[in-house]
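Asks: Before anything else, here's the structure in question.
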Amino acid sequence: MANVTGIPVYKKIGATPVPVTAHDQARVVIVGAGPVGLALALDLGRRGQPVTVLNRLDFVAHCSKAICFSKRSLDILDRLGAGDAAVEKGVTWNVGKVFWGASESPIYQFDTLPVKDQKRPGFINIQQYYIEEYLLDGCRALPNIDIRWGHTVDAVTALNDGAELTVTAVDGSYKLRADWIVACDGARSTVRDKLGLDFEGRVFEDNFLIADIRMKHEMPAERWFWFDPPFNPGRSALMHKQPDDVWRLDFQLGWNIDREAATRLENVEPFIRAMLGENLEFEREWYSVYSFQCRRMARFVHGHVIFAGDAAHLVSPFGARGCNGGLADADNLGWKLDLVLNGEADESLIETYNLEAVATADENILNSTRSTDFLTPKSKASQALRDAVLELAKEHAFARPFVNSGRLSTAVSYAESPLSTPDEDAWEGGVAPGMPVLDAPLADGWLLDELGNHFVLLACGGDQPVPPSVRLVALEPNGLAAQRLGLMPGASVLVRPDQYVAARWQQPTPTAVETALRRAKGETLCLQ
């Protein structure tokens, strides 16, 4: 079913009436009900914060967007109560294969979950609208989350202690005053545009065809990537399996093309049949042509207006860093904004969202740019170098890390975060401050599930006093969780609410834990 906007509808919801007052107020307004906006709303809502969400459409769209969700995103969805539904519906995969030329055998394959015995796989494939549905279900269960469908932002006015939006709905317009606004309204962000802000970075001169098709086809649930295949010579191709017998096919087309003609059935079908066989029976699900940018805003925080997801940064789809990076933004921001709203932290804590989210965006942009440069060599010398790497990768493991068909999204470490307490003790291995906790099985569950939404002290044996706002979780000294954290008996790790390590000690003291907690909450920040 298609709406009057021409966008296919997955779930019709209907327009929300305007509020009874022409001048409305809210503590937090999130603009955009995509996966990033809904994840942040659900995070804040589960922490007890009142949240208002504005979405210009009055339905969940069915069009083809993100499909690859990384383990880190699944860990975030678990914390929000949506992980089980996503994994149950999604197609689990850990193996990627790289092909070159006409060979039917991959030149090599890789594992996206090299460390086993974790609750979640390296990746699942699932259509974005399902993720939105599961997050929306969680939001609807909370009375403190108000989602307004069919409400469009027309103007944004920044204030010293908040911002004011002018909003239009089907049945009228109104003003909405907010203490904080978070723009999660995508690549063409209205909020960013109304504030006169823009991206910095690089636009790539290439086009790619997405062909999502429905078919019965017996192939493993793996990521298959081709360099210079016979069905798309001189270019690349990609294939992923999705739920509901839907397959994502991606073909590089080049720059100077007729984009409208490229999506016509008579032009798409030869690609599909050349890849999968002349006698293949399939149905069209979605065809589109895209080009992409690797760009970001200079800053993600502008007073009391904050940007997240595609509204703040854009990357190529190779490596699945777009939506996964956006969910990382929501994960980073939620607990910080909660502390500020509760008066438990100064507003300067929000500046650390800018620092850490920019670091994540920069790593994603760097990897996406390198992937694209490897996929599309711009000179004969670059082409020769790439082909030499592919040739070596067939037989030599040392060359395989240099093959770049899209470095797949992983959690980003905040090595320079001002919220982290540097190690004073000597450590062998483990998880350093600024890195996310590595999952492991416990006697009655999983380590990451034990962390929840709180500051947690993971203690390896011993009686270790903790501040009132910190939960104590005792780990078996010889258990796998303690081993992965590098904890000897008596040692402990302080974990942030987003499951990142804030500090660690071989022999902690109450003073050391309290000091690290104050630092992790931003109480000792000195930011320029």
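Here is a yes/no grid of residues against (1) closer than 21 Å to Leu333 by Cβ; (2) of a type in the set (Asp, Glu); (3) more than 28 Å from the chain's Cα centre (by Cα):
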{"position": "Leu472", "(1), (2), (3)": "no, no, yes"}
{"position": "Gly479", "(1), (2), (3)": "no, no, yes"}
{"position": "Ala482", "(1), (2), (3)": "no, no, no"}
{"position": "Leu485", "(1), (2), (3)": "no, no, no"}
{"position": "Arg496", "(1), (2), (3)": "yes, no, no"}
{"position": "Val501", "(1), (2), (3)": "yes, no, no"}
{"position": "Gln506", "(1), (2), (3)": "no, no, yes"}
{"position": "Thr515", "(1), (2), (3)": "no, no, yes"}
{"position": "Ala520", "(1), (2), (3)": "yes, no, no"}
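Asks: Still on this structure, I have one more. Quick one: would you say Asp439 is buried (at least 18 other Cβ atoms within 10 Å of the Cβ), in the same structural domain as Gln506 (by TED's automatic domain parsing) and within 20 Å of Gly122 (Cα to Cα)?
Replies: yes
Conditions tested, residue by residue: (1) of a type in the set (S, T, N, Q); (2) touching a strand residue (DSSP E or B) at 6+ places or on another chain (Cβ under 6 Å); (3) not in a loop (DSSP other than H, G, I, E, B).
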site	(1), (2), (3)
Ala39	no, no, yes
Leu42	no, no, yes
Gly45	no, yes, yes
Thr52	yes, yes, yes
Phe69	no, yes, yes
Ser73	yes, no, yes
Gly81	no, no, no
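Asks: Now for a different question. From the list Thr352, Thr410, Thr360, exactly one residue is of a type outside the set (Lys, Arg) and at pLDDT below 90. Which is it?
Replies: Every option except Thr410 fails the conditions.
Asks: Shifting gears a bit: For region 123-156, which residues satisfy the criterion of being modelled with pLDDT under 95 and more than 30 Å from Phe110 (Cβ to Cβ)?
Replies: Matches in region 123-156: none.
Asks: Now for a different question. In the list Ile350, Ile365, Ile306, which residue meets the criterion of being free of Cβ contacts under 8 Å to residues at least 60 places away in the same chain and crowded, with 21+ Cβ neighbours inside 10 Å?
Replies: Ile350
Asks: Take Ala33 and tell me if it is surrounded by 22 or more Cβ atoms within 10 Å (Cβ to Cβ), in a loop (DSSP other than H, G, I, E, B) and touching a residue at least 12 places away in the same chain (Cβ under 8 Å).
Replies: yes
Asks: Assess whether Arg223 counts as being in contact (Cβ under 8 Å) with a residue 24 or more places away in the chain and not hydrophobic (A, V, I, L, M, F, W, C).
Replies: Spelling it out, Arg223 is indeed in contact (Cβ under 8 Å) with a residue 24 or more places away in the chain and not hydrophobic (A, V, I, L, M, F, W, C).
Asks: Now, a different point. Please find, within region 391-412, the residue that is nearest to Trp226 (Cα to Cα) out of those that are assigned to a loop (DSSP other than H, G, I, E, B) and free of Cβ contacts under 8 Å to residues at least 40 places away in the same chain.
Replies: My answer is Asn404.
Asks: Okay, moving on. Restricting the search to region 187-216, which residues are at pLDDT below 95 and out of contact with any Phe, Trp or Tyr (no Cβ under 7 Å at 6 or more places or on another chain)?
Replies: Ala187, Arg188, Asp198, Phe199, Glu200, Gly201, Arg202, Val203, Lys216
Asks: Answer with yes or no whether Val60 is in the same structural domain as Gly343 (by TED's automatic domain parsing), of a type in the set (Val, Ile, Thr) and either in a helix (DSSP H, G or I) or within 22 Å of Asp338 (Cα to Cα) (or both).
Replies: It is false that Val60 is in the same structural domain as Gly343 (by TED's automatic domain parsing), of a type in the set (Val, Ile, Thr) and either in a helix (DSSP H, G or I) or within 22 Å of Asp338 (Cα to Cα) (or both).
Asks: Could I ask something else about it? Residue under question is Ala432, and the condition is that it be modelled with pLDDT of 85 or more, surrounded by 14 or more Cβ atoms within 10 Å (Cβ to Cβ) and either touching an Asp or Glu at 6+ places or on another chain (Cβ under 8 Å) or assigned by TED's automatic domain parsing to the domain that holds Cys68 (or both); does it hold?
Replies: yes
Asks: Taking region 70-105, which residues are surrounded by fewer than 16 Cβ atoms within 10 Å (Cβ to Cβ) and in contact with a helix residue (DSSP H, G or I) (Cβ under 6 Å, 6 or more places away or on another chain)?
Replies: Selection gives Gly81 alone.
Asks: Also, quick follow-up: I'd like to check which strands (runs of 3 or more DSSP E) are fully inside region 137-198 and have at least 1 residues that are of a type outside the set (Asp, Glu) and exposed (fewer than 15 other Cβ atoms within 10 Å of the Cβ).
Replies: Hits in region 137-198: 152-159, 172-183.
The values are calculated or read from the model by the stated rules, or taken from the named source; none is laboratory data. Since the model is a prediction, treat every value here as computed from it, not as a measurement. In this analysis, Cβ positions are derived from the backbone assuming ideal geometry, glycine residues included, and neighbour counts consider all displayed protein chains.
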